[in-house]
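Below you'll find the structure, written out as structure tokens, and then a few comments.
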Amino acid sequence: MTVSGKITNARKGCPPQPPRPQMATKRRKDMRFVSFYPYFCGMKYVLLPLGCLSLACGIAGIFVPLLPTTPFLLLAAALFFRSSPRAYAWLLNHKQLGPYIRDFRENRSMPLRAKVIALSLLWLTSLHCFFIILDHWALKTLMAAVAVGVTAYLLSLKTKRKKDANSA
């Protein structure tokens, strides 16, 4: 995998290619991996646009109440990590978006103000949809289940306090 401590093919973003079998007597398992090698290298061309789409949804989630911001940013970070180290570094070092990802990655925490705003907007829009917009009982049940699930998840995260931010 490495040559003298350096990762091979790091510039291309492709995994290192295994040595090709030279004889027909090699195991079939090796041949199968070699035949699918271009698929692994080409995945960065699929993951990068998916990361951009997830990033766009995360940015939209800042303004749209029921669209979550942090999960989409985390998904974008994971996709960028697999496809483009440059995009991953940009996202982590971004002035507004980077702290969401860094806080969650390092502490699995969320600021108290963000928790309160998220839960308030979640329940305001959920109750509005439940009582005014939705008619069918199955949709109301689904809406209530999603709201309860998201609430449970947000409350399970650690709360980042101001003194934690100053000490870090």
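The values are calculated or read from the model by the stated rules, or taken from the named source; none is laboratory data. Values in this document were obtained by computation on a predicted structure and should not be read as measured data. Ideal geometry is used to build each Cβ from the backbone, glycine not excepted, and the neighbour counts take in all protein chains shown. Accessible surface areas use protein heavy atoms only, side chains included; no ligands, DNA or RNA. Shrake-Rupley method; radii C 1.70, N 1.55, O 1.52, S 1.80 Å.
Spin-label model, His94/Leu127: points 7 Å from Cα along the beta carbon direction are separated by 3.2 nm. For the set Lys95/Lys158; Lys95/Lys115; Lys140/Lys160, the pairs lying more than 30 angstrom apart at their alpha carbons are Lys140/Lys160.
Once the other residues with Cβ under 11 Å from the Cβ of Ala114 are scored (Lys, Arg +1; Asp, Glu -1), what is the net sum?
Here the count lands on +2.
For Ile101, Ile132, give me the order by solvent-accessible area with a 1.4 Å probe, most accessible first, ignoring ligands, DNA and RNA.
Ile132, Ile101
Multiplying the residue separation of Arg113 and Ala60 by 0.36 nm and subtracting their alpha-carbon distance yields 17.2 nm. In this structure, the amide hydrogen of Lys160, modeled 1.01 Å from its nitrogen in the peptide plane, lies closer than 5 angstrom to those of Met110, Leu112, counting only residues at least 5 positions away or on a different chain. Compactness of segment 53-168 was expressed as the Cα radius of gyration divided by 2.2 N^0.38 Å, which yields 1.19. The share of C-alpha pairs in segment 56-110 whose separation exceeds 17 Å stands at 32 percent.
Note that segment 124-141 has calculated 3J(HN,Hα) couplings of 5, 6, 5, 5, 4, 5, 5, 8, 10, 8, 7, 10, 6, 5, 5, 5, 5, 5 Hz, one per residue in order, obtained from phi through the Karplus relation 6.51 cos²θ - 1.76 cosθ + 1.60 (θ = phi - 60°); glycine and proline are x.
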